[in-house]
Amino acid sequence: MSEKKQERVGVYVCHCGTNIAGTVDVVDVAKWAQEKLGPQGVVIAREYKFMCSSLGQELIEKDIKELGLTRVVVAACSPHLHEKTFRTAAKNAGLNPYLVELASIREQVSWVHTDKAVATAKSKAVVSGAVSRVIENRALDEIKVPINPNTLVVGGGIAGIQSALEIANAGFHVYLVEREPSIGGHMAQFDKTFPTLDCSACILTPRMVEAGTHPNITLLTWSEVTNVAGYVGNFHVTIKKKARFVNEELCTGCGICQEKCPKKVIDDVYEAGLGYRKAVYTPFAQAVPNFPVMDKENCTYFIKGTCKACEKFCPTNAIDFTQQDQTLNVDVGNIVLATGYDLFDARRVSNYGYGRLPNVFTSIEFERLSNAAGPTNGNIVMRDGKTTPKSVGIIHCVGSRDKNFNNYCSVICCMQGLKFAHLVHERTGATVYNFYIDMRTAYKAYDEFYQRVLEEGTLFVRGKVAEVTDAARNEREKGKLIIQTEDTLAGKQRRIPVDMVILSSGLQPRHDAKDVGKLFGISCSMDGWFTEKHPKLDPVATMTEGIYIVGCAQGPKDIPSSVAQGAAASARVLDKILQKEIALEPIKASVNQEMCSGCRICNGLCPFNAIAFIEDDKVTEINPALCQGCGTCVAACPAGAISGTGFSNEQIIAQIDGLLLKNLELA
Amino acid sequence: MNKYLLYPGCSMDSSAKAYMESLNEILEPLDLHLEEIEDWNCCGATEYLGINLIPAYSLIARNLALATKQMDGTRTVVAPCSACYLNLAKADYYMQERPTLGAKVNEALAAGGLEYKAGTLDVRHLIDVLVYDVGLDTIRSKVVRPLSGLKVVPYMGCMLPRPDYQHRWSDHEHPTELDDLLRALGADVIDYPLTTECCGGHMTQIGPETAFELIRRLVADADERGAQMMVTVCPMCQMNIDAYQNEANHFFGTNYHMPILFFTQLMGLAFGKEPGDLGIGVELVSARNALANIGVEVPVTQEPAAPRKKDEGLPMPRRWTRHEGKKEAVK
Amino acid sequence: MNNDTFEPTIIGFTCNWCSYRASDLAGTARMKYAPNVRLIRLMCSGRLDPTFVLRALSSGADGVMITGCHPGECHYIEQNYKALRRFLLLRRVLKGMGIEPERVKLVWASAAEGAKFAAETTTFVEEIRKLGPLNWGKTDGGSQTVDREELSTVHRPSSEMEAIA
């Protein structure tokens, strides 16, 4: 210690209102730091109500200048929240920002412990650890890298379309990747949108066309992202463009191939299993792009080796059975994930009989039934395809707010159920029952819509439906579906016979959300939705810089919120693009070649190929551009020749000693 | 050979004798060996747990403790009765879940020189073992007389699939194990939405009117769907539907005739066993006509005891006279 | 020392991307857990040099908790597997040194598993409490063999408690 220059450390303990001060005696912590850590180099220790406020920051800046502080420790919240704030403050006062250390005494102490004496003692240890560590910190320079102005948007539903259009309109290039043959997403399947009852296709189609024809948008449908490498500003993305077996250059979208194709297939995706499509198809009339795709699994030619009816009739020779999957590599600076949701599989609630009782329908099936372009031309009929129901029961919260399935509220189902009630009432005149747990009609003009449906004469029963059955107990119930439910307002059990039941199914994360998250390096919540950086203040960013989440990929939401998020993420992306370059954390490993023995133990450890062996010199070298800073090689080097900035051995060992108050015994 | 420990339970020896008989008939074709737990006792049925938990759990756990002595290469205890299965599984589960309960139960067992470490055994119902261990393919391969043409509704009863501590069943509300098994035998299985509804349980003893309504719903719906018989996995269900069907008919003025057999009896028939050896023919609502549809002839067994003649009522108490009362008073 | 009143000191190593965030989440959700663990943030569990663990144990820690991303979920693709390998090796080394290998624990906790982080921490504290104090580096040189009898009578140097108070 004596050879080292004595550092001048300032310690700042934050009250965070009562968040910290309620459980930790912050005054005592500051006093203790000043008295006991003096020999370490602490020259000043202060406490303040809100260190992150501008006054708090000024306090630090003033001390740096006036007391000549060379190191700063702020004992406050998690570094993930305010590390940047205090580093900036130090920078403003002329101190290298990496000479600031945060000691988390909120998330890691005051919020998780109750005993004030114990929490205060732990806070002291945490502060001691940070002081020991900060002395070993070295001044570092941020690494600046240019930002690629191109953006990747994954998912062509309304959220993805909105996001792509905003960025494209600002003059930057967007790759819009969609797994299905057409963009449009779930919204393209709907008939009407609540609460205004706009025709979904009428408001969506112009946006789809705009995205399809925009000079700044490269539309890649029938495509999937298979690999993502790099980091914010410099992502390298691999995209698999599945073979369409239709030459997009030649195809005019005339539709003759679909007409001539002899193979009829049940359409599980767009028509939700209620309708048919051909083996070569565009999912719907307004599809963008309007080129069909060939469904290899069902095409007679691919199964039996003969047919090719489509090829014979195609007026422009656009059918190409030799097409192969293509791999595209694109470089982008930012990525927006708008991968959407899956509908809850209502068969899982076996007591509601979906899949067993023919006249039980899911919400998406009903959307198709009521859609004028759907399999029944908009006629609301039962499974036999012709009978109009005289009574319809709509069950809310199917698969949502139920600990057997999903705990969360799916947000849209109440309004969806009300919309269905209105459509059934308007088009069939049937008696409509809504079975709900709580009616959730927050947001603009939603509750008014509820009032309107009430006035139309729809009946509402508050209670969770126990069962839908066709086991009649009396003549009145014969041939009907009986809804057995508790009526919690009347305080009794009811059995209500109806002709048709619609399950207002909830939303679920995409079945492959976890894999997609892993691909892009972001995490999922317990429920499986992508996790945002901050649930309130940063709802579209993620913990991985340069990757944004919008729409239902982040959690259940309605169309207006999805559109708002799509636009919000674009603003964040444009902000990054316009900065032209970005500062990266200078956390990198480097080899002291004097000490390297050339044992090559580290060579196989790096998954980013940043470590290379120089044959001529028989030593190892690390490429800082590829190094991600994990530190695995630092830990592995038997000669101690590799060091990692920001997390050096000296820093960590000093922190261990500090946390264990070993330095105090020495002192 | 697949060896399992068997906890037969009281009913297999009395009301559900046919279940036991038919079970014994199908063991050999399926290469199953069931070793009975020695000196087993009653599981307490559906009532005792409602009265006093510790003695009830101790009563059940005694069987588990005894079973551990016979483990010898197997840790699976099979219970053919749904109530027995539920009670054994429940005791095993809660003794693990609540260590204090486990300790108290073991304190009681210690008095008899026994001990049970919860989780040692795997408690399973007979149909679970047949469907998931033996397998539907094996069962199908043993069928020599397919039951095609026999319209049956599968009736699982309420105690088997819920609360499902070990996640054994395909579904809590509408399990299909029995459907699949009957289909493997070749029977025409009719989807039965009431498969997990209550048969009335012991309400036949304490509130017959409630039980009659539950029985009526089950029988009426099976009849409505064109079933020739109901098939069950539970002695209690079998007894209620069989023994109280006529009383329920009488109560509601209906005239249902819905036989109910154990699934093991149908397995025996499909495997080519003789109806008489499978305990068929002793049921009160006769399955004779239903089985005649598929060419199975049920032998005439002993006639049930002749009902008491109507006019031969019980003697009435003597008439009370004022004189008698006075006599008492004087005395 | 009575094991019921013994409060172990534990050093926890966390990964910046998962377990440290899990501890943040436990905090945000106000989950309560044992206060005996003091955390050190690393960029990755792969950064954990086994000598850090030995340093902690020899400097007064009674146990060390290593936390990282679940296998297959490493922010740096696969470095947590390397942490796992080092952890297994380290436990063997500890055993050879006469230290209970149970004093070092490896826990996987994703950023969403605040509840798991809290529960595992509390469990580990109880496990270490049962093992008793380690007192490595606090005996007067000589043999490092850990003697249960002796340990149970040795008290921690009072200087540390005074320093905290």
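Using a ≥ b ≥ c from the Cα gyration tensor of chain B (square roots of the eigenvalues), is it rounded, prolate or oblate, where a/c under 1.5 gives rounded and otherwise the larger of a/b and b/c decides, a/b for prolate?
Verdict is oblate for chain B.
For A:465-474, what's the mean count of beta carbons from other chains sitting within 10 Å of each residue's beta carbon?
Across the residues of A:465-474, the mean count of other-chain Cβ atoms within 10 Å is 4.
Would you please give the FRET efficiency between B:Glu297 and B:Ser14, computed as 1/(1 + (r/R0)^6) with r the Cβ-Cβ distance and R0 = 25 Å, to the nearest 0.05?
Values: r = 27 Å, r/R0 = 1.09.
About 0.40, to the nearest 0.05.
Within the range A:584-667, which GluC sites (Glu not before Pro) sit in a loop by DSSP and count at most 14 neighbouring Cβ atoms inside 10 Å? Walk me through the numbers on the way to the answer.
Numbers: sites: A:Glu594, A:Glu615, A:Glu621, A:Glu650, A:Glu665; in loops: A:Glu594, A:Glu615.
Answer in residue order: A:Glu594, A:Glu615.
Counting DSSP beta bridges with both partners in the protein assembly as shown, what percentage is antiparallel, nearest 5? Intermediate values should be presented prior to the final figure.
On the way: 53 of 137 bridges.
Here the antiparallel bridges make up roughly 40 percent for the protein assembly as shown.
Quick one: helix A:446-455 against the long Cα principal axis of chain A, what's the angle to the nearest 10°, folded into 0 to 90?
That works out to roughly 30 degrees.
Just grab the label-to-label distance for A:Thr238 and C:Arg85, each label 7 Å out from Cα along the Cβ direction, in nm (one decimal).
For the pair A:Thr238/C:Arg85, the computed spacing is 2.4 nm.
For the protein assembly as shown, what does the alpha-carbon gyration tensor say about shape, rounded, prolate or oblate, given a ≥ b ≥ c as the root eigenvalues, a/c under 1.5 as rounded, and a/b over b/c as prolate?
Oblate, since a/c reaches 1.5 and b/c is not below a/b.
Residue separation times 0.36 nm, minus the C-alpha to C-alpha distance between A:Val269 and A:Glu297: what's the value?
Gain on stretching A:Val269 to A:Glu297: 8.6 nm.
Towards the positive end of the charge dipole of the protein assembly as shown, with charges on Cβ (+1 Lys, Arg; -1 Asp, Glu), say which of B:Met20, A:Gly156, B:Thr196 has the farthest Cα.
A:Gly156
Put +1 on the Cβ of each Lys and Arg and -1 on the Cβ of each Asp and Glu in the protein assembly as shown; which of A:Val29, B:Pro175, B:Ala67 then has its Cα farthest toward the positive end of the dipole?
Farthest along the dipole direction, towards plus: A:Val29.
Please give, to one decimal in nm, the separation of the simple spin-label points placed at B:Asp133 and A:Asp617, each 7 Å out from Cα toward the Cβ.
Computed distance between label sites B:Asp133 and A:Asp617 equals 6.8 nm.
At R0 = 60 Å, how high is the FRET efficiency between B:Asn246 and C:Ala29 if r is their beta carbon distance? Nearest 0.05 is fine.
E(calc), rounded to 0.05, equals 0.50.
Sum up the charges of everything whose Cβ sits under 15 Å from the Cβ of B:Ile26, counting Lys and Arg as +1 and Asp and Glu as -1, but leave B:Ile26 out.
-3
Of A:Lys576/C:Lys116; A:Lys444/A:Lys536; C:Lys32/C:Lys130, which sit over 25 Å apart, Cα to Cα?
Working: A:Lys576/C:Lys116 36 Å; A:Lys444/A:Lys536 20 Å; C:Lys32/C:Lys130 21 Å.
Table pairs above 25 Å Cα-Cα are A:Lys576/C:Lys116.
Tell me which of A:Thr544, A:Ala287, A:Phe190 sits at the most positive position along the dipole axis of chain A, charges placed on C-beta atoms (Lys, Arg +1; Asp, Glu -1).
A:Phe190
Please compute the length gained on full extension between A:Asp447 and A:Val209, using 0.36 nm multiplied by the number of residues separating them and subtracting their Cα-Cα distance.
Details: separation 238, 0.36 × 238 = 85.68 nm, distance 3.28 nm.
Here the segment from A:Asp447 to A:Val209 would lengthen by 82.4 nm.
How big is the dipole moment of the range B:2-125 about its Cα centre under a simple scheme where the beta carbon of each Lys and Arg is +1, that of each Asp and Glu is -1, and everything else is neutral? Debye, nearest 20, please. Can you show the working numbers first?
Numbers: 10 positive and 16 negative charges, 105 e Å.
Here the range B:2-125 has a charge dipole of around 500 debye.
Per residue of C:73-80, how many C-beta atoms from partner chains lie within 10 Å of its own C-beta, taken as a mean?
For peptide C:73-80, the averaged partner shielding equals 6.
Run the quick spin-label model on A:Tyr276 and B:Cys42: label points 7 Å from Cα toward the beta carbon, then report their separation in nm to one decimal.
That separation, rounded to one decimal, is 6.4 nm.
Please give the calculated 222 nm ellipticity per residue for chain B, where each DSSP H segment of at least 4 residues contributes -39500 (n - 2.57) and the sum is spread over every residue; nearest 500 deg cm²/dmol?
Taken over chain B, the calculation gives -11500 deg cm²/dmol.
With everything on Cα atoms, drop me the angle between helix A:116-136 and the longest principal axis of chain A, reported from 0 to 90° to the nearest 10.
70 degrees
Can you compute the charge dipole magnitude of chain A about its Cα centre, using +1 on each Lys and Arg Cβ and -1 on each Asp and Glu Cβ, nothing else charged? Give it in debye, rounded to the nearest 20.
For this selection, approximately 1360 debye.
Tally the DSSP beta bridges in the range B:1-148 and give the antiparallel ones as a percent, rounded to 5.
In the range B:1-148, approximately 0 percent of DSSP beta bridges are antiparallel ones.
With +1 assigned to the C-beta of every Lys and Arg and -1 to the C-beta of every Asp and Glu, and no other charges, what is the dipole magnitude of the protein assembly as shown about the Cα centre in debye, to the nearest 20? Write down the numbers at each step before the final one.
Numbers: 124 positive and 136 negative charges, 280 e Å.
Taking the Cα centre of the protein assembly as shown as origin, the dipole is about 1340 debye.
Using the Kyte-Doolittle scale, find the helices of chain B whose mean hydropathy is at least 0.5 and whose Cα atoms extend 20 Å or more along the helix's long axis, counting only whole DSSP H runs.
Details: long enough: B:53-69 (24 Å, 0.89); B:82-97 (22 Å, -0.33); B:208-224 (23 Å, -0.25).
Taking the DSSP H segments of chain B (at least 20 Å long, mean hydropathy at least 0.5), we get B:53-69.
Among the lysines, which have Cα under 16 Å from the Cα of A:Lys36 when same-chain residues fewer than 8 positions away are ignored?
A:Lys36 reaches A:Lys122, A:Lys124, A:Lys662.
Can you work out the FRET efficiency for the pair A:Thr327 and A:Leu626, with r the C-beta to C-beta distance and R0 = 30 Å, to the nearest 0.05?
Calculated value: 0.85.
Is the C-alpha gyration tensor of the range B:111-242 telling us rounded, prolate or oblate? Criteria: a/c under 1.5 is rounded; beyond that, a/b larger than b/c is prolate, otherwise oblate.
Here the range B:111-242 falls in the oblate category.
Return one number: the angle in degrees, 0 to 90 and rounded to the nearest 10, between the long axis of the Cα atoms of helix A:649-659 and the longest principal axis of the Cα atoms of chain A.
90 degrees
Dividing the Cα radius of gyration by the Kirkwood radius, what Rg/Rh value follows for chain A?
1.07
Loop only per DSSP, at most 16 neighbouring Cβ atoms within 10 Å: give me the trypsin sites (Lys or Arg not before Pro) in the range C:1-88, ordered by residue number.
Working: sites: C:Arg21, C:Arg30, C:Lys32, C:Arg38, C:Arg41, C:Arg47, C:Arg55, C:Lys82, C:Arg85, C:Arg86; in loops: C:Arg30, C:Lys32.
Of the trypsin sites (Lys or Arg not before Pro), the ones in loops of the range C:1-88 whose Cβ has at most 16 other Cβ atoms within 10 Å are C:Arg30, C:Lys32.
Any read-out appearing in this document is the output of simple, stated calculations on the displayed coordinates, not a laboratory observation. Only a predicted model underlies this, so the values are computations on that prediction, with no experimental measurement involved. As a convention, Cβ positions derive from the backbone with ideal geometry for all residues, glycine included, and neighbour counts pool all protein chains shown.
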